[in-house]
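Take a look at the structure set out below.
The values are calculated or read from the model by the stated rules, or taken from the named source; none is laboratory data. Quick caveat: nothing in here was measured; it's all calculated off a predicted structure. With ideal geometry, Cβ positions are generated from the backbone for all residues, glycine too; neighbour counts draw on all protein chains shown. In case anyone asks, the SASA skips ligands and DNA or RNA and just uses the protein heavy atoms, side chains included. Shrake-Rupley method; radii C 1.70, N 1.55, O 1.52, S 1.80 Å.
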Amino acid sequence: MFPGTEEGPEDDSAKHGGRVRTFPHERGNWATHVYIPYEAREDFLDLLDALLLHAQTYVTRLVRMETFHLSLSQSVVLRHHWILPFVQALKDRMACCHRFCFTANRVKIYTNQEKTRTFVGLEVTSGNTQFLDLVSEVDRVMEEFDLTTFYQDPSFHISLAWCVGDAHLQLEGQCLRELQEIVDEFEDSEMLLRVHAEQVRCKSGNKFFSMPLK
C-alpha cells in the first residue's frame, strides 16, 4: 500500500513549490512527522477560499495547503530500520488516549524557525489540554529514540495557506483583523470549526501509519 525505496524522495525544491528542507536529505534517512489529520469538508473549503482570496490582496504569492493537519511533533529524521519500532512505540503510547473535540477558530500568522516560509492558520481555542496530553506521549517516544521533542508552549493550529519567505509583517495587523472577521461572520462557523479528533497519524517518508484514539 505504501511503495517506496530506502533512499526516499529526491531533494529537489522545484518539486515542492520552492520550499527549502529544514535538514538535508541523506540516503536511508526519512523525514518523520506525527499529527492529527483534518478531513476538510466542502463548507470548510468555502471558508478557506474566502480567507485566501482576501489574504492574497496583501500577499499575492500565498497558496492553499493541499492537506490539513495539526502537528504533535516537529519534523525529525528517522533511519529506515527505526521506522517500525518508532511507530510501534507510538501505538503503545496512543493506546490509552481518548478521542476528543476541539475548536480552531482564531486566525494566526506563523513562520517556520528558519523564516523561510509563512503560514496562515486557525489556532485551537478549546481542547488545548488534550493536545498537550498527546504531545506529552509523543515526546516520550521522541526521547526514547533520542529525537527532538515538540516546542515549548506550542500553538496548535491548522495551516490553511503558505508562501515562501517571511511575510508576517504584511499579514499581521489589519489583514489579520479582516481575516478574523471573515471567520466570525461565516455561516455556521462555530459548528464548522468544532472538530472531532479520532486518530493520530505518523508520516515517515512516503509511508503513513494511523493510530485510532479510544
When the range 190-212 is checked residue by residue, the ones that are at negative phi and not in a strand (DSSP E or B) are E190, M191, L192, L193, E198, N206
The conditions are (1) under 19 Å from the mean Cα position of the chain (by Cα); (2) of a type in the set (D, E, K, R); (3) assigned to a helix (DSSP H, G or I), and D43 fails exactly one of them. Which is it?
(1)
Among the residues of the range 133-180, write down those that are more than 19 Å from Y110 (Cα to Cα) and not in a loop (DSSP other than H, G, I, E, B).
D133, L134, V135, S136, E137, V138, D139, R140, V141, M142, E143, E144
Are any residues in the range 151-180 surrounded by 13 or more Cβ atoms within 10 Å (Cβ to Cβ) and over 30 Å from T129 (Cβ atoms), and if so, which ones?
C163, V164, G165, D166, A167, Q170, C175, E178
Within the range 150-167, can one find any residue that is touching a His at 6+ places or on another chain (Cβ under 8 Å) and more than 17 Å from N112 (Cβ to Cβ)?
no
So which residues in the range 190-209 are open to solvent by 20 Å² or more (accessible area, probe 1.4 Å) and in contact (Cβ under 8 Å) with a residue 60 or more places away in the chain?
E190, R194, H196, E198, Q199, R201, K203, N206, K207, F208, F209
Please state which of the following conditions S73 fails to meet, knowing it meets all the rest: (1) part of a loop (DSSP other than H, G, I, E, B); (2) of a type outside the set (A, V, I, L, M, F, W, C); (3) farther than 27 Å from H168 by Cα.
(3)
Return the pair list, or none, for Cβ contacts closer than 9 Å from residues in the range 113-141 that are within 27 Å of E178 (Cβ to Cβ) and surrounded by fewer than 20 Cβ atoms within 10 Å (Cβ to Cβ) to residues that are at pLDDT below 95 and of a type in the set (A, V, I, L, M), at least 6 apart or on different chains.
T116/V20
When restricted to R117, R194, R177, R140, the only residue closer than 18 Å to L52 by Cβ, over 16 Å from the mean Cα position of the chain (by Cα) and of a type in the set (K, R) is R177
Among the residues in the range 77-94, are any among the charged types (D, E, K, R), part of a loop (DSSP other than H, G, I, E, B) and touching a helix residue (DSSP H, G or I) at 6+ places or on another chain (Cβ under 9 Å)?
no
Given (1) open to solvent by 40 Å² or more (accessible area, probe 1.4 Å); (2) touching a Gly at 6+ places or on another chain (Cβ under 7 Å); (3) within 30 Å of L53 (Cβ to Cβ), identify the lone condition not met by E185.
(2)
So, of the residues in the range 20-58 that are at pLDDT below 70 and more than 28 Å from L132 (Cβ to Cβ), which turns out to be most open to solvent (accessible area, probe 1.4 Å)?
R27
